[in-house]
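J.: The structure's right below; bear with me while I get my questions together.
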Amino acid sequence: MAAIYGLEYSCRALCARPSDDNDEGDILNFLVGTCSARHDNQLHALAFDDESEEITSQVYSYPQGAIQALSCNNLDRSMVAVLRESGSYNGHNSPCNKQQTCPPQ
């Protein structure tokens with residue numbers, strides 16, 4: 001069997017995230033960033049349950065530009081580095097902030 005997840009816009013960026021301490025069983029976590037030139041982009045936090053083959057997601061708006069690349073922090077899952085279309089590289093924790101982990105718990 002296979003699982004399929006659809007995006008509203010095309011994507012160019014994907015990174016694996018460390019598991020949450022609350023994850024039970026075989027949960028695989030990913031972040032996917034869209035790269036639309038005409039719309040606000042999105043950051044999708046996906047959790048794939050290997051046993052049930054179900055995908056759960058949370059979608060965050062990312063209006064700062066098309067996401068070209070993502071790099072997840074292996075020590076702090078609430079942090080992600082984003083390479084935007086403008087070419088600037090910044091340690092960016094959007095959609096997360098100091099009050100909110102990504103995804104919210």
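The values are calculated or read from the model by the stated rules, or taken from the named source; none is laboratory data. This structure is a prediction, so every number in the text was calculated from the model and none was measured. Note that we place each Cβ from the backbone using ideal geometry, even for glycine, and neighbour counts take in every protein chain shown. For accessibility, only protein heavy atoms count, side chains too; no ligands or nucleic acids. Shrake-Rupley method; radii C 1.70, N 1.55, O 1.52, S 1.80 Å.
J.: Exactly one of these conditions fails for Ser78: (1) open to solvent by 70 Å² or more (accessible area, probe 1.4 Å); (2) at pLDDT below 85. Give me its number.
T.: (1)
J.: Which pairs turn up if I take residues in the stretch 1-14 that are free of Cβ contacts under 8 Å to residues at least 12 places away in the same chain and of a type outside the set (D, E, K, R) and look for partners that are surrounded by 14 or more Cβ atoms within 10 Å (Cβ to Cβ) and part of a strand (DSSP E or B) with beta carbon separation below 7 Å, at least 6 apart in sequence or on another chain?
T.: none
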